[in-house]
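Everything on this sheet refers to the single structure shown next.
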Amino acid sequence: MVQTLRAKNVTLRDLRARFGVQLVEDDQFFREWQDNLPEITDLEKQRLDRVKESYSNLLEYPPMLENTVKMVVLSPLLDLADFYLSPFHITSEKSVEISAEDEGVMYKGQIDVLALFEQLWVTVIESKQAAFSLEVGRAQLLAYMLANPDSDKFTFGLLTNGGSFMFIKLVKQQTPQYAMSKMFYIFNPGNDVYGVLSVLKRLGQLTTSK
């Protein structure tokens, strides 16, 4: 069982060895982040512009305090996507501490995994410095998605560190397969967070329609 793995140490290699997890690069495998996306209203765009402005302002005053990513970026997104309303319910899994050393400087942070619904997970990578890419959380997110007891259905996940976002789809078959969306970046022209909200809304529709 995935639960027996030490979350702090689990790697993509571990998941491949124990569960045969395969990365699928066929564009047709994960169309949900691209097709039939809901429109974002002007009011929602205004709020997301404030999220971008707030995040940009915080970067000028490092280090970021713990939970800043969730408070400033993730919470407004979840609210706009109606994930605080029934049938969704947010539960927080145990945090995983992460660290990295660069030229004698130790960077520390944590990975938080939130369950929004039986098929939808969010992983937040929080750092006191902008030192960790989304890759440090991919294995942990997949481990939780693999542990989903509802094995007949696909599962979606979101990785974010506040500025970057990436969606994952996992299909649990005899050989589990997963694929990733493009990387959304908050400072791309036009505010990529619009797209993140649209995808979140679409995945919310899909996970509650079964």
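Contact annotation: residue pairs with Cβ atoms under 6 Å, 6 or more positions apart or on different chains, pairing a residue in region 77-98 that is over 22 Å from GLU135 (Cβ atoms) with a partner that is basic (Lys, Arg) and at pLDDT 75 or above, are ALA81/LYS201. Within region 130-148, residues that are closer than 13 Å to MET166 by Cβ and modelled with pLDDT of 75 or more sit with their Cβ atoms under 7 Å from residues that are part of a helix (DSSP H, G or I) and open to solvent by less than 20 Å² (accessible area, probe 1.4 Å), at 6+ positions apart or across chains, in these pairs: LEU142/LEU15. For beta carbons closer than 9 Å, sequence separation of 6+ or different chains, a first residue in region 109-123 that is under 18 Å from SER209 (Cβ atoms) and at pLDDT below 75 and a second that is in a strand (DSSP E or B) and not small (Gly, Ala, Ser), the qualifying pairs are GLU118/THR155. Tell me which residues, restricted to region 162-196, are under 22 Å from ARG47 (Cα atoms) and under 12 Å from the mean Cα position of the chain (by Cα). GLY162, GLY163, SER164, PHE165, MET166, PHE167, MET183, PHE184, VAL196 - these are the residues of region 162-196 that are under 22 Å from ARG47 (Cα atoms) and under 12 Å from the mean Cα position of the chain (by Cα).
The values are calculated or read from the model by the stated rules, or taken from the named source; none is laboratory data. Quick caveat, the model's predicted, so the values are computed rather than measured. As a convention, Cβ positions derive from the backbone with ideal geometry for all residues, glycine included, and neighbour counts pool all protein chains shown. Quick note on the areas: whole protein, heavy atoms, side chains included, nothing else; ligands and nucleic acids left out. Shrake-Rupley method; radii C 1.70, N 1.55, O 1.52, S 1.80 Å.
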